[in-house]
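To start, the structure under review is shown below, and the notes come after it.
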């Protein structure tokens with residue numbers, strides 16, 4: 001298979017543009033500016049490494065911005081399976097880092113042991129040095145998406161959600177001690193809540 005043919009073939013893993021970092025000199029001033037424009041504030045917290053995460057989303061936009069200061073920061077791509085996404089990008093010629101997670105002293109090798117959403121990461125650069133960060137997300141932060149709307153952009157994305165619901169439902173049946181005849185309703189509730197960042201059914 002030629003390079004051109006490989007590049008033209010459809011990717012099997014979704015890489016969704018999630019966040020672009022906007023460099024600012026004063027994060028609080030910039031946050032106030034964008035909020036006055038009517039942009040939704042999704043997050044404002046301090047990460048374990050001490051850096052501050054401030055995320056806002058323009059009205060109706062599926063992608064958001066992070067406000068950053070200091071060294072140039074990457075654009076964010078979210079994936080539901082970081083190992084599969086990393087393997088596909090490498091097969092397509094990208095030099096992707098090992099998977100890592102953030103610790104109090106900085107990056108720690110390997111996926112986050114707890115496997116939380118937003119916890120496991122990998123990076124790569126394009127030929128001009130523009131940095132991209134892969135971030136595994138299976139459950140969105142509360143308020144990040146419309147809780148009344150559930151959408152999937154590909155069959156692979158929906159299949160991954162169904163696999164997670166299936167695994168969780170298996171644990172549900174173990175706790176309840178038998179077959180759940182209403183499993184379609186349980187799956188649907190799980191998937192909608194997961195995408196909206198709401199507490200998951202047990």
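The values are calculated or read from the model by the stated rules, or taken from the named source; none is laboratory data. Predicted, not measured: the structure shown is a model, and the values here were computed from it. Every residue, glycine among them, receives a Cβ derived from its backbone with ideal geometry; neighbour counts consider all protein chains shown.
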**OP:** Being more than 15 Å from residue 51 (Cβ to Cβ) and either more than 15 Å from the chain's Cα centre (by Cα) or touching a residue at least 24 places away in the same chain (Cβ under 8 Å) (or both) is the filter; apply it to segment 91-107 and report the residue that is surrounded by the most Cβ atoms within 10 Å (Cβ to Cβ).
**Re:** 96
Original post:
When you go through 126, 112 one by one, which is the residue that is in contact with a strand residue (DSSP E or B) (Cβ under 6 Å, 6 or more places away or on another chain) and either buried (at least 17 other Cβ atoms within 10 Å of the Cβ) or at pLDDT 85 or above (or both)?
Top reply: 112
**OP:** Out of the residues in segment 184-200 that are over 20 Å from the mean Cα position of the chain (by Cα) and crowded, with 16+ Cβ neighbours inside 10 Å, state the one that is modelled with the highest pLDDT.
**Re:** 186
Original post:
Being buried (at least 17 other Cβ atoms within 10 Å of the Cβ), under 23 Å from residue 193 (Cα atoms) and touching a helix residue (DSSP H, G or I) at 6+ places or on another chain (Cβ under 9 Å), is that true of even one residue in segment 51-68?
Top reply: yes
**OP:** Check whether at least one residue in segment 65-74 is more than 21 Å from residue 22 (Cβ to Cβ), free of Cβ contacts under 8 Å to residues at least 60 places away in the same chain and in contact with a strand residue (DSSP E or B) (Cβ under 7 Å, 6 or more places away or on another chain), and report yes or no.
**Re:** no
